[in-house]
Amino acid sequence: MDTVDKEIRSRVMSTIRSKDTKLERALFAVLENAGITDFICHEQSLPGKPDIVFMDAKIAVFLDSCFWHGCSKHLRKPSSNQDYWQPKIENNIKRDLRNRAKLRRMGWSVLRVWEHDLKNSSAVIMKVRGALNRRRDKDN
């Protein structure tokens, strides 16, 4: 059972952003500090509206929070309102898989950066640079 009434829960949930989140700002800063600046944010024309897109290299990057996207390492399932949260998170996972498959069929490489990955910014930079280098090598 939820510990607050529906009106309060609705108000709290409405404050959760889908763009310009703290996680996104952290990822953008990591990339920009590494000199990786040739990306655009939230490309509406692509399946799933990737958080970051490298158009020339056809690389889409999704930044996924451990809770909303069901991280197998860090998801702490809520103890209340499980009839709502279980299907919600499962549907997010299924949608992520569908969008990744659509992008790959369109010739895009897809990277997933988890919320917990941001704790190791050098690994995130290596992941993105590696994908960019592989695409450049493939094109040459």
Residues that are in contact (Cβ under 8 Å) with a residue 40 or more places away in the chain, part of a helix (DSSP H, G or I) and of a type in the set (D, E, K, R), drawn from region 65-104: R95, D96, R98, R100, K102
Output for region 113-126, where each listed residue is under 14 Å from the mean Cα position of the chain (by Cα) and crowded, with 16+ Cβ neighbours inside 10 Å: V113, W114, E115, D117, L118, V124
Subset tally (residues that are within 14 Å of L46 (Cα to Cα) and touching an Asp or Glu at 6+ places or on another chain (Cβ under 9 Å)) for region 95-140: 1
Qualifying residues in region 21-54 (those that are in contact (Cβ under 8 Å) with a residue 40 or more places away in the chain and aliphatic (A, V, I, L, M)) - the one nearest to R100 (Cα to Cα): L46
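Please work out if K138 is charged (D, E, K, R), out of contact with any helix residue (DSSP H, G or I) (no Cβ under 7 Å at 6 or more places or on another chain) and either assigned to a loop (DSSP other than H, G, I, E, B) or at pLDDT 95 or above (or both). Outline the logic, then answer.
Working: charged (D, E, K, R): yes; out of contact with any helix residue (DSSP H, G or I) (no Cβ under 7 Å at 6 or more places or on another chain): yes; either assigned to a loop (DSSP other than H, G, I, E, B) or at pLDDT 95 or above (or both): no.
Judged against the criteria, K138 is not a match.
Any idea which residue in region 15-64 is surrounded by the most Cβ atoms within 10 Å (Cβ to Cβ), counting only those that are in a strand (DSSP E or B) and of a type outside the set (V, I, T)? Steps first, answer last, please.
Restricting attention to region 15-64, the residues satisfying the condition of being in a strand (DSSP E or B) are 40-41, 52-54, 59-64.
Applying the additional criterion that residues be of a type outside the set (V, I, T) yields 41, 54, 60, 62-64.
Values: C41: 15, F54: 21, A60: 27, F62: 19, L63: 22, D64: 20.
Filtering region 15-64 for residues that are in a strand (DSSP E or B) and of a type outside the set (V, I, T), the one surrounded by the most Cβ atoms within 10 Å (Cβ to Cβ) comes out as A60.
So for region 108-124 (the condition being out of contact with any strand residue (DSSP E or B) (no Cβ under 9 Å at 6 or more places or on another chain), among the β-branched types (V, I, T) and assigned to a helix (DSSP H, G or I)), does at least one residue qualify?
To start, the set of residues in region 108-124 that are out of contact with any strand residue (DSSP E or B) (no Cβ under 9 Å at 6 or more places or on another chain) comprises 116, 119-123.
From the residues that got through so far, the ones that are among the β-branched types (V, I, T) too are none.
Taking every residue of region 108-124 in turn, none turns out to be out of contact with any strand residue (DSSP E or B) (no Cβ under 9 Å at 6 or more places or on another chain), among the β-branched types (V, I, T) and assigned to a helix (DSSP H, G or I).
Can you tell me which residue is modelled with the highest pLDDT among those in region 1-14 that are part of a helix (DSSP H, G or I) and among the aliphatic types (A, V, I, L, M)? Full working, then the answer.
Taking region 1-14 and keeping what is part of a helix (DSSP H, G or I), we get 6-14.
Now restrict to residues that are among the aliphatic types (A, V, I, L, M): 8, 12-13.
Details: I8: 67, V12: 54, M13: 54.
My answer is I8.
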Residue satisfying condition, being charged (D, E, K, R) and closer than 24 Å to E90 by Cβ, within set D51, D20, D56, D38: D51
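The values are calculated or read from the model by the stated rules, or taken from the named source; none is laboratory data. A quick note: this is a predicted structure, and the numbers were derived from the prediction, not measured. Backbone-built Cβ (ideal geometry, glycine too); neighbour counts: all protein chains shown.
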